[in-house]
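All remarks here apply to the structure that follows.
Just so it is clear, none of the values below were taken in a lab; they were calculated from the coordinates. These numbers were taken from a predicted model, which means no experiment stands behind them. Please note: Cβ atoms are built from the backbone with ideal geometry, for glycine as well, and neighbour counts cover all protein chains shown.
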Amino acid sequence: MADLRMERVLWRHGYTVVGVDEAGRGPLAGPVVAGAAILPEGAELPGVNDSKQLSEKKREKAYDKICEIAMGWGVGVVDHQRIDQINIRNATFEAMHLAVQAALAMWRERTGGSPATGGASGEKLCLLIDGNALVPAWTGDQRWVIGGDRKVLSIAAGSILAKVTRDRMMVEYDKRYPAYGFARHKGYSAKEHFAALDAHGPCPIHRMTFIDHRQLKLF
């Protein structure tokens, strides 16, 4: 279960900690979304863990609790066109940077922190990122944590922010493009999704670089 052990080490050294994770690297359609959360010392989020391990109902409940107790939180959304333009890895980093900036803006507004970024002007900021790579655009301190969404509470919180936001977006897309079943599979590689692609070709939110050439029919 995710806990605050890693945050406590950084807090003792005077850091403000931002947990970061993403949702939607693998789907054939829709955006990649990142979430960032700045939790207060002693934060309690019972049951919060990797968003993929929670039911939709539990994720929604946890999302509301995170928004309530976080000192700052934010999401970053990078759409399918940008993914096709710069590739999913770079798009994920871009979404993470956007999410961090949004979380920091809220944190500064609520705490009166300085407007600096990347830890300048006296701020000591550290990102904790799920995975095995760092955010290139971030010039301050950062650490990656493999399996961080199962180990680090602020990363788990970012994971839930990202997953719930993206799922809500895909439900809305389902209303616009009902033939594809986005509300059910959220754009991932389900049999239903492949069957819809075979029957109808891609719709305007599909990632063209993710789709088999035989499915690239005119919409």
Taking the Cβ of each residue in Ser189, Ser159, Ser55 as the centre, tally the other Cβ atoms inside 10 Å and list the residues starting with the fewest. Ser55, Ser189, Ser159
Rounded to one decimal in Å, the inverse mean reciprocal Cα-Cα distance for segment 174-215, i.e. its Kirkwood radius, is 10.3 Å
Summed side-chain charge close to Gly158 - residues other than Gly158 whose Cβ falls under 10 Å, Lys, Arg +1, Asp, Glu -1: -3
Where in the chain are the DSSP H helices whose C-alpha atoms run 24 Å or more along the long axis and whose mean Kyte hydropathy is at least -0.5? 88-111, 153-176
If the reach is capped at under 18 angstrom between alpha carbons, list the lysines near Lys175, excluding any in the same chain fewer than eight residues apart. Lys186
Going by Cα centres, segment 1-36 and segment 177-201 are how many Å apart? 29 Å
Test item: Cα-centred dipole of the chain, Lys/Arg +1 and Asp/Glu -1 on Cβ, debye: 300 debye
With the chain treated as a Gaussian network of Cα nodes joined by springs under 10 Å, which of Asp149, Asp21, Asp167 yields the largest mean-square fluctuation? Asp167
Provide Asp64, Asp130 in ascending order of the number of other Cβ atoms located within 10 Å of each residue's Cβ, fewest first. Asp64, Asp130
Highest GNM mean-square fluctuation among Ala36, Ala199, Ala91, for the chain with Cα springs under 10 Å, belongs to Ala199
Could you name the lysines in cross-link range of Lys65, using Cα to Cα under 16 Å and dropping any fewer than eight places away on the same chain? Lys57, Lys163
Against the 2.2 N^0.38 Å rule of thumb, the C-alpha Rg of segment 1-132 sits at a ratio of 1.07
Within a 10 angstrom radius of the beta carbon, how do Phe210, Phe182 rank from fewest other beta carbons to most? Phe210, Phe182
Which of Gly47, Gly112, Gly30 ends up with the largest GNM mean-square fluctuation for the chain, with Cα atoms connected below 10 Å? Gly112
